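I have placed the structure first, in the form of structure tokens, so that the comments after it can refer back to it.
The values are calculated or read from the model by the stated rules, or taken from the named source; none is laboratory data. The structure presented is a predicted model; accordingly, all values stated were derived computationally and were not measured. With ideal geometry, Cβ positions are generated from the backbone for all residues, glycine too; neighbour counts draw on all protein chains shown.
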Amino acid sequence: MVAEPDPNIPDRGIAADLQIQSAQQVERVRAALEELPALQRVTLELAYYEGLTHVEIAERLEQPLGTVKTRIRQAMLRLRESLAGAV
């Protein structure tokens, strides 16, 4: 015997249309990241995917801190431009 869902308990699952929209957004971000110059992409990935600070990134890449900050800023601006029409 399968129990019927209680209509008084909110559904905690994510609606299918929201899952599709989220997957599409992830794909757009991935594509935009791939368009970045390699040094900007690597720097941004270290910051956002690995959670490194700017100082840690500079040490790992053996680059000046100012260069790391500039690359992150340039990468973010390019991503913003690339994703602006994808909303």
Q: Determine whether region 38-52 contains at least one residue that is in contact with a helix residue (DSSP H, G or I) (Cβ under 8 Å, 6 or more places away or on another chain), modelled with pLDDT under 95 and either basic (Lys, Arg) or on the phi > 0 side of the Ramachandran plot (or both).
A: no
Q) Which of (1) out of contact with any Leu (no Cβ under 9 Å at 6 or more places or on another chain); (2) closer than 25 Å to Gln24 by Cβ does Glu62 not meet, given it meets every other one? A) (2)
Q. Arg28 passes all but one of (1) in a helix (DSSP H, G or I); (2) surrounded by 13 or more Cβ atoms within 10 Å (Cβ to Cβ); (3) more than 11 Å from the chain's Cα centre (by Cα); which number fails?
A. (3)
Q: Please identify the pairs in which a residue from region 53-81 that is in contact (Cβ under 8 Å) with a residue 40 or more places away in the chain has its Cβ atom under 6 Å from the Cβ atom of a residue that is assigned to a helix (DSSP H, G or I) and not acidic (Asp, Glu), counting only partners at least 6 apart or on another chain.
A: Leu79/Ala32
**Q.** Subset of region 55-85 [surrounded by 12 or more Cβ atoms within 10 Å (Cβ to Cβ), farther than 14 Å from Leu33 by Cα and aliphatic (A, V, I, L, M)]
**A.** Ile57, Ala58, Leu61, Leu65, Val68
Q | Residue in region 31-47 that is exposed (fewer than 14 other Cβ atoms within 10 Å of the Cβ) and in contact with a His (Cβ under 9 Å, 6 or more places away or on another chain) present | A | no
**Q.** Those residues of region 31-52 which are free of Cβ contacts under 8 Å to residues at least 40 places away in the same chain and not in a helix (DSSP H, G or I), in sequence order
**A.** Pro37, Tyr49, Glu50, Gly51, Leu52
